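Visitor: A single structure is presented below for examination.
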Amino acid sequence: MQHRNFDLIAFDWDGTLFDSTKIITRCIQAAVRDVGGTVPTDQAAGYVIGLGLMQALAHAAPDVPVDKYPALGERYRYHYQAHANDLSLFEGVLPLLDALKARGHQLAVATGKSRHGLDDVLHRVELKGVFDGSRTADETAGKPDPRMLRELMAQFDVAPGRLLMVGDTTHDLQMAVNAGCPSVGVSYGAHDPAAFMALAPQYVAHSIPALHDWLLVNG
């Protein structure tokens, strides 16, 4: 078994492994438009990616009254499902995950998606069995609350320093800070990587190949 710096690597989903940030942004905007709210800018809609659905929609559409939140969520899900078949893993993700598994890492997903949403997408992209564990916002707590990572550490009996969080947003990296875990950011997702520096990631990858190379050397 090769030396490992991390026993468990937890990945965010949307914008980190899954090429979905642009469509999610458009779906948030369309949902807000449908219920009569002020449509958020691309930047404002993109910022909330990674949060739990209702937390994200409330943040992106502050002028939408609370009694319209259920309709807002329903319209988001409607628009997202209409594009579900347009989404895919970033090229190179499967070889990356296979290489990490071959070296003995345990792999997990820590995502703002719902449990139903994550299970559905894992089935559609034929990834069942690749990940050893997962946590979603609706069954734990939304990012940057560290509960997702703490539950994964407890499940796999891993110390904070032996879990690496990989994500594309400040929500992911702040969650890692809050859990006492190291992190890696990726710049090709939802957030401007300039905001990552205050959260001290060990590395910022600008592509899946760059992430692959770094993890195989330093993971």
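Visitor: Output the number of residues of segment 1-59 satisfying the condition of being under 24 Å from Ala71 (Cβ atoms), in a strand (DSSP E or B) and not acidic (Asp, Glu).
Guide: The qualifying residues number 2.
Visitor: Still on this structure: Scanning segment 1-25 for residues that are closer than 17 Å to Leu163 by Cβ and of a type in the set (D, E, K, R), which turns out farthest from the chain's Cα centre (by Cα)?
Guide: It comes out as Arg4.
Visitor: Oh, and also: Cβ-Cβ distance below 7 Å, separation of 6 or more or different chains: which pairs start in segment 189-209 with a residue that is at negative phi and polar (S, T, N, Q) and end on one that is at pLDDT 95 or above and surrounded by 13 or more Cβ atoms within 10 Å (Cβ to Cβ)?
Guide: Listed by first residue and then by second, the contacts come to Gln202/Pro182; Gln202/Ser183; Gln202/Val184.
Visitor: Report whether or not Gln155 is surrounded by fewer than 21 Cβ atoms within 10 Å (Cβ to Cβ), in the same structural domain as Ala45 (by TED's automatic domain parsing) and not charged (D, E, K, R). Break it down into steps so the answer makes sense when it comes.
Guide: Working: surrounded by fewer than 21 Cβ atoms within 10 Å (Cβ to Cβ): yes; in the same structural domain as Ala45 (by TED's automatic domain parsing): no; not charged (D, E, K, R): yes.
It is false that Gln155 is surrounded by fewer than 21 Cβ atoms within 10 Å (Cβ to Cβ), in the same structural domain as Ala45 (by TED's automatic domain parsing) and not charged (D, E, K, R).
Visitor: Is at least one residue of segment 26-46 touching a residue at least 40 places away in the same chain (Cβ under 8 Å) and in contact with an Asp or Glu (Cβ under 6 Å, 6 or more places away or on another chain)?
Guide: No: zero hits.
Visitor: When you scan segment 98-114, how many residues do you find that are under 20 Å from Thr169 (Cβ atoms) and of a type outside the set (Val, Ile, Thr)? Step through it out loud before you land on a result.
Guide: Applying the first criterion (under 20 Å from Thr169 (Cβ atoms)) to segment 98-114 yields 107-114.
With the extra rule that they be of a type outside the set (Val, Ile, Thr), the set shrinks to 107-108, 110, 112-114.
Adding up the residues that qualify gives 6.
Visitor: Going residue by residue through segment 114-135, is there one that turns out to be on the phi < 0 side of the Ramachandran plot, of a type in the set (Ser, Thr, Tyr) and modelled with pLDDT of 95 or more?
Guide: Yes, segment 114-135 contains at least one residue that is on the phi < 0 side of the Ramachandran plot, of a type in the set (Ser, Thr, Tyr) and modelled with pLDDT of 95 or more.
Visitor: Does Gly15 satisfy being buried (at least 19 other Cβ atoms within 10 Å of the Cβ), at positive phi and either touching a residue at least 60 places away in the same chain (Cβ under 8 Å) or not polar (S, T, N, Q) (or both)?
Guide: In short, yes.
Visitor: Turning to a different aspect of this structure: For segment 121-168, give me each residue that is in contact (Cβ under 8 Å) with a residue 12 or more places away in the chain and acidic (Asp, Glu).
Guide: Scanning segment 121-168 gives Asp132, Asp138, Glu139, Asp145, Glu151, Asp168.
Visitor: So, Lys68, is that one in contact (Cβ under 8 Å) with a residue 12 or more places away in the chain, of a type outside the set (A, V, I, L, M, F, W, C), closer than 29 Å to Ala31 by Cα and in a loop (DSSP other than H, G, I, E, B) or not? Steps first, please.
Guide: On the way: in contact (Cβ under 8 Å) with a residue 12 or more places away in the chain: yes; of a type outside the set (A, V, I, L, M, F, W, C): yes; closer than 29 Å to Ala31 by Cα: yes; in a loop (DSSP other than H, G, I, E, B): no.
No.
Visitor: Go through segment 36-57 and count every residue that is surrounded by fewer than 19 Cβ atoms within 10 Å (Cβ to Cβ) and modelled with pLDDT of 80 or more.
Guide: In the first step, residues of segment 36-57 are kept if they are surrounded by fewer than 19 Cβ atoms within 10 Å (Cβ to Cβ); the result is 36, 38-39, 41-44, 54-55.
Still in the list and also modelled with pLDDT of 80 or more: 36, 38-39, 41-44, 55.
Qualifying residue count, segment 36-57: 8.
Visitor: Kindly indicate which of Pro209, Pro182, Pro193 is at pLDDT 95 or above, surrounded by 15 or more Cβ atoms within 10 Å (Cβ to Cβ) and out of contact with any helix residue (DSSP H, G or I) (no Cβ under 6 Å at 6 or more places or on another chain). I'd like the intermediate steps shown before the answer.
Guide: Values: Pro209 fails: surrounded by 15 or more Cβ atoms within 10 Å (Cβ to Cβ); Pro193 fails: at pLDDT 95 or above.
From the options Pro209, Pro182, Pro193, the qualifying one is Pro182.
Visitor: Going by the conditions given, is Arg150 at pLDDT 95 or above, buried (at least 17 other Cβ atoms within 10 Å of the Cβ), charged (D, E, K, R) and in contact with a Pro (Cβ under 9 Å, 6 or more places away or on another chain)?
Guide: Numbers: at pLDDT 95 or above: yes; buried (at least 17 other Cβ atoms within 10 Å of the Cβ): yes; charged (D, E, K, R): yes; in contact with a Pro (Cβ under 9 Å, 6 or more places away or on another chain): yes.
Answer is yes for this residue.
Visitor: Within segment 183-219, count every residue that is over 17 Å from Leu17 (Cα atoms) and touching a Gly at 6+ places or on another chain (Cβ under 7 Å).
Guide: Residues in segment 183-219 being over 17 Å from Leu17 (Cα atoms) and touching a Gly at 6+ places or on another chain (Cβ under 7 Å): 2 in total.
The values are calculated or read from the model by the stated rules, or taken from the named source; none is laboratory data. What you see is a predicted model; the values in this text were computed from it and never measured. Reconstructed Cβ throughout: ideal geometry from the backbone, glycine too, with neighbour counts over all protein chains shown.
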